[in-house]
Amino acid sequence: MNKIQKQCEVCGQSFVPKTVDSVYCSKKCGAAAYRKKKALKKKEEEQQAVIDKISADRLYISVPEAIALFGVAKSTLYRLVRQKRIPAINLGTRLVRIDRAAIEEMFPIRQTPLKKEKPTAKLYSLEPQDCYTIGEIAQKFGISDSTVYKHIRKFSIPTRQIGNYVYTPKNEIDNLYK
């Protein structure tokens, strides 16, 4: 039997997944990914709160506001200020204010989000020579017939029944179980 090997998204080790959509090798890696995702979400919320507090008519903004507004690293901002490529005023310790017009010119704010292409309908050849039967899939990938049916339903893979055999496109099944 061929067992599918995947690589853990957290630690990078290869493992045999329990389900097709498993991406972590252990509960520990899954928990680490969850904590990381939560921290990233919290950071984004904090940045959005900072952005919401900034009034549009302010000429000078603080470094944390510039970081949140333009997504530029703190070290990059300070380097540009040091090189005098961005005009700034130092009002005291931790009170550097950056010229908003100059930084907007250097790093324009995207007003409209990037347009994502709408998914197009895929065309499949459901002829027997271009398809696997359920039994062939189960034998090739070392899983049960019921698991194959479950994944076909879960991922909306088209099927065609001819007599006693159910056919599914080879390219979709290979993509699913690779």
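Where a number appears in this text, it was derived from the coordinates with a stated rule and is not lab data. All figures in this text were calculated on a predicted structure; none of them were measured in a lab. Cβ atoms come from the backbone with ideal geometry, glycine included; neighbour counts cover every protein chain shown.
What's the ranking of 41-53, 13-25, 130-142 by average number of surrounding C-beta atoms within 10 Å, highest first?
Packing order, densest peptide first, comes out as 130-142, 13-25, 41-53.
What is the gain in length, in nm to one decimal, between residue 75 and residue 147 on full extension, counting 0.36 nm per residue of separation less the C-alpha to C-alpha distance?
20.8 nm
Order of 28-35, 144-151 by packing, highest average Cβ count within 10 Å first?
144-151, 28-35
Residue 22 to residue 58: extension gain in nm, 0.36 nm per residue of separation minus the Cα-Cα distance?
8.1 nm
State which entries of 6/178; 18/150; 6/36; 37/154; 3/140; 140/178 exceed 18 angstrom in Cα-Cα distance in the structure shown.
6/36; 37/154
Give me the one-decimal nm value for the distance between modelled label points at residue 38 and residue 120, 7 Å along each residue's Cα-to-Cβ direction.
Reported label-point gap for residue 38 and residue 120 is 4.3 nm.
Return one quarter of the surface area of the convex hull spanned by the alpha-carbon atoms of the chain, equal to its mean projected area, in nm².
Computed as one quarter of the Cα hull surface, the answer is 16.0 nm².
To the nearest 10 degrees, how steeply does helix 145-154 sit against the main Cα axis of the chain, on a 0 to 90 scale?
40 degrees
Along Cα→Cβ, 7 Å out, is where each label goes; now give me the distance between the ones at residue 90 and residue 165 in nm to one decimal.
Going from the residue 90 label point to the residue 165 one covers 7.8 nm.
Once the Cα atoms of helix 27-53 and of the chain are each reduced to a long axis, what angle between those two axes, in degrees from 0 to 90 to the nearest 10, is obtained?
40 degrees
Consider a paramagnetic label point 7 Å from the Cα of residue 140 along Cα→Cβ; state which residues of the stretch 150-178 have an amide N under 16 Å from it.
Taking a point 7 Å out along Cα→Cβ of residue 140, the residues of the stretch 150-178 whose backbone N falls under 16 Å are 151-152, 157-160, 166-178.
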